[in-house]
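The values are calculated or read from the model by the stated rules, or taken from the named source; none is laboratory data. These numbers come from a predicted model, not from an experiment. Cβ atoms come from the backbone with ideal geometry, glycine included; neighbour counts cover every protein chain shown.
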Amino acid sequence: MTSGEVDLSVQEFLKELPSFSKKGITEFALHDKKISSDKSALAEICRAVKKSAPDLFLTLQIAVSALDKNLVHLLQDIYCSIEIPLSGTEKGANLLFDKKIYSSKAQMLNTEGLVFGFDMAYGIQPGDSFKAFRDRLDFAVTLYPNHIDFAQLQGKMVLPRSTGIYSSKDLEFSREMAFACQTFYSAGRAVPWFNSVVKSLKISPTAFFADFSEWQRCNNCSLDSDFRPDDAKQIDVEKMQLNFLKQKYEEKHKSMLYDAAADMVRLNGAFSRMVAEGEESIVETRYNPDDILSPYSMDIARFAESATMESCRVKIFSTDEGPDYEIIGS
């Protein structure tokens, strides 16, 4: 499998597209800020990919303002992941952030089953502050993005400078929090269960990431270590997640909720590996997987209080219709 990521004009991309199959290119990331808000250009790309490279997995940057029902229907016809810049609007000395538009567009994408993530930054736009960054990140997680990326962590943006409202210490906190999010949420493929976990712990996402960044420092896997989440296997990140969650539930005097949360982590992790890596798994759970994978489990506290424990050995496997599971023992 070959992938590519390069800044191309729409014309260059469309010209090269028919040759992708012969070149063995099966994944491609197209980042062109000029067309990210151009609905007609984005529609042209979708139609061209469907016609000339129907098996291509395309990562496409799209401004939130460009997302509408017509474009979403075209995106459904191709294999793609949508990257949405999540940023505020500068007005005077203030940084305004329209939660309503992001919420409505994310709901539309989730309803239609499209994969999307957010591109975020901190301390770059005038008027930004540590409080504003935390507010954006807390909000972003509630919209169930598949991942949240921070180009600053890869050195792809100019590093922010401290201001009167964003101190150098807070910029460092933001950097560590972003890396914690990249590790736990994105690399850990936590989207199906993360909001349920933080709700059961009665903690905000950013407070959770701040605590996890401290855990990373203590366990030699912080940003300043050699650990890189993008290079780590999901199963290894999952072990980190489970170790940290066990600690957090104990710290919050909610140990009775850990087994249900751990089952959610393990089962969803196994499904993600089946989809992404084609890897079958056998998972041992404390609850019946039918219950854990039902909407009933989304409220972990209520679930743990009323559900009956039933130790199971669960096999996750592939079918023609996608990943599935069966109980193979107890």
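Overview of results
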{"quantity": "The lone exception for residue 32 - which of (1) outside any loop (DSSP other than H, G, I, E, B); (2) closer than 22 Å to residue 147 by Cβ; (3) free of Cβ contacts under 8 Å to residues at least 60 places away in the same chain; (4) of a type outside the set (Phe, Trp, Tyr) it fails", "calculated": "(1)"}
{"quantity": "Criterion: within 30 Å of residue 132 (Cβ to Cβ) and either surrounded by 18 or more Cβ atoms within 10 Å (Cβ to Cβ) or modelled with pLDDT of 95 or more (or both) - qualifying residue of 30, 58, 96", "calculated": "30"}
{"quantity": "Residue identified as within 21 Å of residue 304 (Cα to Cα) and either surrounded by fewer than 18 Cβ atoms within 10 Å (Cβ to Cβ) or in contact with a strand residue (DSSP E or B) (Cβ under 6 Å, 6 or more places away or on another chain) (or both) among 148, 203, 235", "calculated": "203"}
{"quantity": "Pairs with Cβ under 6 Å, 6+ apart, first in the range 125-145 and touching a residue at least 60 places away in the same chain (Cβ under 8 Å) and among the acidic types (Asp, Glu), second surrounded by 16 or more Cβ atoms within 10 Å (Cβ to Cβ) and in a helix (DSSP H, G or I)", "calculated": "138/205; 138/206"}
{"quantity": "Helices (runs of 4 or more DSSP H) contained entirely in the range 201-305, each with at least 1 residues that are acidic (Asp, Glu) and under 25 Å from residue 81 (Cβ atoms)", "calculated": "234-251"}
{"quantity": "Some residue of the range 104-126 being at pLDDT below 90, among the aromatic types (Phe, Trp, Tyr) and either surrounded by 14 or more Cβ atoms within 10 Å (Cβ to Cβ) or under 20 Å from the mean Cα position of the chain (by Cα) (or both)", "calculated": "no"}
{"quantity": "Selected residue (only one of 305, 277, 310 is more than 22 Å from residue 239 (Cα to Cα) and either loosely packed, with under 13 Cβ neighbours inside 10 Å or in contact with a Leu (Cβ under 7 Å, 6 or more places away or on another chain) (or both))", "calculated": "305"}
